[in-house]
Amino acid sequence: MSELTKNNSTSVVEKPTPVPTRRAVYTPQVDILELPNELVLLVDMPGVVADSVEVQFERGELTVRGQQRVQPLDGKLLVQEFEPGDFYRAFLISQEIAADQISAELKHGVLTVHLPKSAAAQPRRITVKTS
Amino acid sequence: MNTSRLLPSLWASFDRLHGEMDRLLEGWGSDLSLVGAFPLVNVRENADAFFVEAEVPGLTQENLQISVTHRNQVTLQGERHTNDNGSGRWHRRERGFGRFQRVLQLPAPIDADKVEAKLENGLLQLRLPKAEEARPRRIAVKAAE
């Protein structure tokens, strides 16, 4: 018999609260390069594995998130310049982006997001005909 | 002149101000000194070894060198490349590039031949075993006959 049926006066079931995450949230350093046909975003995310990375693009807002997975090491801490945390950064992109063609890859702790400009925003070369 | 009577209290205020400034700067000092430092490191120690962890996003084995000098110094150096081929326009450029070097001074000598390094997802982990003489030695106490 489960806990719920035993106590039949219970009409409101409380879901277990997930363990509160008290991790630090970092603003990762980024490079943004604009090329004729796309914007390229490079985000430093050391210690992050691909399955914890989230890239979202909605109404011109690009959000990137990643969770740093650092194996806890043993021993007494002598120097601490960083601690495991999450990376979060969001940008409003005023360029017209072909949202369905956005791609992202994570390599050596650097996330690269390709944001192709929509066809209308790409430069077009007009050939001048000679008469 | 009665400045001599004024001065001590003035100096006292200055001293206090000075102390306040020192205290403020001290609090910030550790962070300020890290501005531009690359890579950021954590260092740990147990009875047998030191452990260094460094954030090296974008680096591979080819552009990172680790060396041990003076028995207790570890040097991390290398080069971060930029993917600028001149055809684009930068909107942001926060990630550093170029050559870097960081020297870590450990409190005890290490055994350079037994250093282990692992580089994964832009995170470097080093295990630096202490030199034999730096390890704690347990002395067996003989029971008296």
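The values are calculated or read from the model by the stated rules, or taken from the named source; none is laboratory data. Values in this document were obtained by computation on a predicted structure and should not be read as measured data. No Cβ is skipped: glycine too gets one built from the backbone with ideal geometry, and neighbour counts run over all protein chains shown.
Taking segment B:116-145 on its own, how many of its residues are assigned to a strand (DSSP E or B) and among the aliphatic types (A, V, I, L, M)? Full working, then the answer.
Our first condition is that a residue be assigned to a strand (DSSP E or B); within segment B:116-145, this holds for B:116-120, B:123-130.
Checking the rest, the ones that are also among the aliphatic types (A, V, I, L, M) come to B:117, B:119, B:123-124, B:126, B:128.
Count: 6.
Among all positions in segment A:22-36, there is no residue which is within 30 Å of B:VAL41 (Cα to Cα), among the aromatic types (Phe, Trp, Tyr), out of contact with any Leu (no Cβ under 7 Å at 6 or more places or on another chain) and modelled with pLDDT of 90 or more. For segment A:31-74, residues that are touching a residue at least 60 places away in the same chain (Cβ under 8 Å) and either buried (at least 18 other Cβ atoms within 10 Å of the Cβ) or at positive phi (or both) total 10.
Within segment B:104-145, how many residues turn out to be in contact with a strand residue (DSSP E or B) (Cβ under 8 Å, 6 or more places away or on another chain), farther than 30 Å from A:ALA50 by Cα and of a type outside the set (Gly, Ala, Ser)? If you could, list the steps in order and put the result at the bottom.
The initial filter retains those residues of segment B:104-145 that are in contact with a strand residue (DSSP E or B) (Cβ under 8 Å, 6 or more places away or on another chain), namely B:104-112, B:114-119, B:121-131, B:134.
Retained after the next criterion (residues that are farther than 30 Å from A:ALA50 by Cα): B:104-112, B:114, B:129-131, B:134.
Going one step further and asking which of them are of a type outside the set (Gly, Ala, Ser), we end up with B:104-107, B:109-111, B:114, B:129-130.
Of the residues in that region, 10 qualify.
Here is the figure for segment B:49-86: residues that are small (Gly, Ala, Ser), touching a strand residue (DSSP E or B) at 6+ places or on another chain (Cβ under 8 Å) and without any contact (Cβ under 8 Å) to a residue 24 or more places away in the chain total 2. Applying the selection to segment B:118-139, what residues are within 14 Å of chain A (Cβ to nearest Cβ) and either acidic (Asp, Glu) or under 18 Å from B:GLY58 (Cα atoms) (or both)? Passing the criteria: B:LYS118, B:LEU119, B:GLU120, B:ASN121, B:GLY122, B:LEU123, B:LEU124, B:GLN125, B:LEU126.
Can you name every residue in segment A:106-131 that is free of Cβ contacts under 8 Å to residues at least 40 places away in the same chain and either under 17 Å from B:ARG95 (Cα atoms) or touching a helix residue (DSSP H, G or I) at 6+ places or on another chain (Cβ under 7 Å) (or both)? Step through it out loud before you land on a result.
Taking segment A:106-131 first, the residues free of Cβ contacts under 8 Å to residues at least 40 places away in the same chain are A:107-108, A:118-121, A:124-131.
The answer is A:LYS107, A:HIS108.
Filtering segment A:98-106 for residues that are within 30 Å of B:LEU106 (Cβ to Cβ), at pLDDT 90 or above and aliphatic (A, V, I, L, M) leaves an empty set.
Quick check on segment B:101-111. Is at least one of its residues closer than 24 Å to A:MET45 by Cβ, at the interface with chain A (Cβ under 10 Å from one of its Cβ atoms) and either touching a residue at least 40 places away in the same chain (Cβ under 8 Å) or surrounded by 12 or more Cβ atoms within 10 Å (Cβ to Cβ) (or both)? Within segment B:101-111, one or more residues are closer than 24 Å to A:MET45 by Cβ, at the interface with chain A (Cβ under 10 Å from one of its Cβ atoms) and either touching a residue at least 40 places away in the same chain (Cβ under 8 Å) or surrounded by 12 or more Cβ atoms within 10 Å (Cβ to Cβ) (or both). The residue that is nearest to the other protein chains (Cβ to nearest Cβ), among those in segment A:86-108 that are assigned to a strand (DSSP E or B) and surrounded by fewer than 16 Cβ atoms within 10 Å (Cβ to Cβ), is A:LYS107. For segment B:57-76, does any single residue satisfy the condition of being modelled with pLDDT under 90, under 22 Å from A:GLU105 (Cβ atoms) and either assigned to a loop (DSSP other than H, G, I, E, B) or β-branched (Val, Ile, Thr) (or both)? Within segment B:57-76, none of the residues are modelled with pLDDT under 90, under 22 Å from A:GLU105 (Cβ atoms) and either assigned to a loop (DSSP other than H, G, I, E, B) or β-branched (Val, Ile, Thr) (or both).
Mind telling me which of the residues B:PHE38, B:PHE51 ends up being closer than 25 Å to A:VAL48 by Cα, more than 10 Å from chain A (Cβ to nearest Cβ) and surrounded by 15 or more Cβ atoms within 10 Å (Cβ to Cβ)? The conditions single out B:PHE38. When we screen A:VAL48, A:VAL40, A:VAL53, A:VAL70 for residues that are at the interface with chain B (Cβ under 8 Å from one of its Cβ atoms), modelled with pLDDT of 90 or more and farther than 17 Å from A:PRO116 by Cβ, the only hit is A:VAL48.
Restricting B:GLU133, B:GLU79, B:GLU62 to residues that are in contact with a helix residue (DSSP H, G or I) (Cβ under 6 Å, 6 or more places away or on another chain) and acidic (Asp, Glu) narrows the list to B:GLU79.
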